[in-house]
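Engineer: Attaching a single structure in structure tokens format; questions to follow.
Readers should treat all values here as calculations from the given coordinates under stated rules, not as data from a laboratory. Small disclaimer: the values here were computed from a predicted structure and weren't measured. Every residue, glycine as well, gets a Cβ built from its backbone with ideal geometry; the counts of neighbours run over all protein chains shown.
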């Protein structure tokens, strides 16, 4: 097996697109060698706990209303071209994702990390839900066979807050400055939302390499 570490943030549209493309490739190559682990990286670590209205926040971040319109147009064009569900009009808030990253960590302990991450993407980008809200996170946990009551109780505490922040800081110290970042076999970094075709090629090369290493006979 080959470790695939993914650094991402569930409110990052290019993380969503990149994950969608990756899993299309994994579906096309069901014999892929990857074991996947998701790692926290907050794009807006200083975001208030309750989040912020999306339009004014991103307009200020990008340099004005026209810049936001242009950015959304690019996202919508990519989504349409690649048949990826996206509803930017429904995304009215930019949430703080610390609690979402905590949920992803706990999901990893229960073996359902990828389903939870994909459900978070779907909730935010396709359904316009506020993934900073405890009730939404608990509902996603329930959808993925986690105990929603336990998750709600944990979210109301400060469990693993410092650990998530420390892991985020460690990634930045190691040189990661943007997401998504995919790290193959703890050696090769693949940045950005790559097309499914690239991942199919990577998988085929990994499988061919594994086969070529086997003794003949």
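Engineer: Could you tell me whether any residue of the stretch 121-130 is in a loop (DSSP other than H, G, I, E, B), free of Cβ contacts under 8 Å to residues at least 40 places away in the same chain and surrounded by 16 or more Cβ atoms within 10 Å (Cβ to Cβ)?
Structural biologist: The answer is yes, given that some residue of the stretch 121-130 is in a loop (DSSP other than H, G, I, E, B), free of Cβ contacts under 8 Å to residues at least 40 places away in the same chain and surrounded by 16 or more Cβ atoms within 10 Å (Cβ to Cβ).
Engineer: So, of the residues in the stretch 63-98 that are touching a residue at least 60 places away in the same chain (Cβ under 8 Å) and not in a helix (DSSP H, G or I), which turns out to be nearest to the chain's Cα centre (by Cα)?
Structural biologist: 97
Engineer: Quick one: residue 60 ticks every box in (1) over 19 Å from the mean Cα position of the chain (by Cα); (2) in a strand (DSSP E or B) except a single one, so which number is it?
Structural biologist: Unmet condition: (2).
Engineer: Can you find a residue that is more than 17 Å from the chain's Cα centre (by Cα) and free of Cβ contacts under 8 Å to residues at least 12 places away in the same chain anywhere in the stretch 176-183?
Structural biologist: Within the stretch 176-183 (the criterion being more than 17 Å from the chain's Cα centre (by Cα) and free of Cβ contacts under 8 Å to residues at least 12 places away in the same chain), the answer is no, since none of the residues qualifies.
Engineer: Within the stretch 32-46, identify whether any single residue is part of a helix (DSSP H, G or I) and surrounded by fewer than 13 Cβ atoms within 10 Å (Cβ to Cβ), and answer yes or no.
Structural biologist: no
Engineer: Report whether or not residue 172 is exposed (fewer than 15 other Cβ atoms within 10 Å of the Cβ) and part of a helix (DSSP H, G or I).
Structural biologist: So residue 172 passes the test.
Engineer: So, in the stretch 140-153, of the ones that are assigned to a helix (DSSP H, G or I) and in contact with a helix residue (DSSP H, G or I) (Cβ under 7 Å, 6 or more places away or on another chain), which residue ends up nearest to residue 79 (Cα to Cα)?
Structural biologist: Taking the candidates together, the pick is 140.
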